[in-house]
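In what follows, a single structure is set out as structure tokens and then discussed.
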Amino acid sequence: MTDRLYYHDSFLYDFDAEVREVVNSPRPALILDRSAFYPTSGGQVFDKGWITTKANDKLKVTEVADAEDGRVVHYFEAERDFDKTALKPGTRVRGQIDAVRRRDHMQQHSGQHVLSAAFIRLFNMPTVSFHMADDYCSIDLDTPTLTKEQIESAERLANEIILDNRPVEVRYVTRAEAGELGLRKLPPTERDELRIVDIREFDLTACGGTHVNQTGQIASVLLRKSEKVRQGWRVEFVAGQRAVATARRDFITLTETAALFSAHIYDVPAQARKALDEIKSLRKQREQSLEELAAAHAATLLAETPETNGRKLVVRTFADRDLNFVKLLAQKLTRQSPSVVALLATSPPQPSLVFAQSPGQPNNMGALLKETLAQLGGRGGGSKDMAQGGVPNVDGLADALAQAAARLSAT
Ligand SMILES: [Zn+2]
């Protein structure tokens, strides 16, 4: 078993060790007699860092994992071709932990202890799981409901405990002793000796992770998103430098948004609401204007189209109108006159056809459109009085319209 130095000192970033074994598959890895590297466990992710050999090969430690037999496995990538013989068992090496990463993990993980205890103290909501991602962390609370006020209260209490700068101590007790202490959480394994993390007069829990020595080193806890999950409620949070970095990012985002509105950041919601209301009202006005425009356009078209054989045949292609407008126009034409047949088309960006006739006219617009679309390789359909479809491009569109008009006249 590897002697785990982080159990005794979370702030040990440099250590000497001896190589026990070099593993080559599936990836190159080192096993040492002792290590300060933390392997992924209990929601806390692994440390990164470097292992330097006597021959001065600096190996980059990219992942650290627990082996089933209690050994710590250090996966590494060599910075250059290194001398493998320099790693034979018994070789002395020096380990260096990426201190920035470790400190961040200690802040997140210790912050989680404080936060989980706060939810228990205030609302008796136990934490059932903890997850640490690269940019945020989350806990799952076993509770059917969670309010915004409860989240804010837990955040406030957690930050008060941080401000108290309470000692965080590690003790070893037997399982029986642990039972009497009333731990927040007992590990499921049947080990007899338990490592207890004690945040003075606030939280007692069994944990093998790396923690700060004083709650003040957590610096702060900031609660973020909360959402209902299968088991209860998930609460995202960030602690320490991450909290500052997250608040900084939020501020930049808000500032950029506020600049768009020429407003103060706290006025952004009101400004955004106002802008959305304006957009809604403008859309309504636009729809109304289009209706009026289509009606006027229809009236003009009807006035300039002579009636022959009891019908007014309108054949038009519009280059600057979309399908919606052309449909609207077809509707107005067929409502304003009892004897209209309209064969309308739009050109790019999406060439389309709309065929319509006034109710009571004897043709079949759906059938006529299908014939025309077949000619152009398009798709669509509709009823006897109104049909629409799209075609892949404008080639042959004008000819196809003329042919459809000729077919109508022939009937
Ligand atoms: Zn812990």
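The values are calculated or read from the model by the stated rules, or taken from the named source; none is laboratory data. Remember, predicted model here, so these are calculated numbers, not experimental data. When we count neighbours, we look across all protein chains shown, and the Cβ atoms used for this are built from the backbone with ideal geometry, even at glycine. Note: accessible area is taken over every heavy atom of the protein model, side chains too, but ligands, DNA and RNA are not part of it. Shrake-Rupley method; radii C 1.70, N 1.55, O 1.52, S 1.80 Å.
Table for the structure above
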item: Overall form of segment 187-247 per C-alpha gyration tensor (a/c, 1.5; a/b vs b/c); result: oblate
item: Å² per residue, accessible surface of segment 292-411 at 1.4 Å; result: 49
item: Dipole magnitude (debye, nearest 20) for the chain, charges at Cβ of Lys, Arg, Asp, Glu; result: 1320
item: The chain: DSSP helices with Cα axial extent of at least 27 Å and average Kyte-Doolittle hydropathy no lower than 0.0; result: 240-261
item: Lysines with Cα under 27 Å of LYS54, excluding same-chain neighbours fewer than 8 positions away; result: LYS84, LYS88
item: Proximal lysines to LYS284, defined as alpha-carbon separation beneath 29 angstrom and excluding residues fewer than eight positions away on the same chain; result: LYS274, LYS327, LYS332
item: Dipole in debye (nearest 20) - segment 282-411, about Cα centre, beta carbon charges: Lys, Arg +1; Asp, Glu -1; result: 300
item: 15 Å Cα-Cα reach of LYS148 towards aspartates and glutamates, excluding residues that sit fewer than 8 places from it in its own chain; result: GLU227, GLU236
item: Where segment 158-213 is the region considered: accessible area per residue in Å², 1.4 Å probe; result: 55
item: Ordering of 220-233, 41-54 by burial proxy (mean other Cβ atoms within 10 Å per residue, highest first); result: 41-54, 220-233
item: Prolate/oblate/rounded label for segment 291-388 (Cα gyration tensor, a/c 1.5); result: oblate
item: Farthest positive-ward along the chain dipole, Cα basis, beta-carbon charges - from ALA303, ALA118, VAL354; result: ALA303
item: Percent antiparallel among DSSP beta bridges (both partners in the chain, rounded to 5); result: 90
item: Theoretical gain in end-to-end length, ARG273 to ASP134 [0.36 nm per residue, Cα-Cα removed]; result: 46.7 nm
item: Carbon plus sulfur fraction of accessible area for the chain, probe 1.4 Å, in percent; result: 51
item: Segment 1-149 - accessible surface per residue (Å², probe 1.4 Å); result: 48
item: Top of SER262, SER35, SER347 by mean-square fluctuation, Gaussian network on the chain, Cα under 10 Å; result: SER347
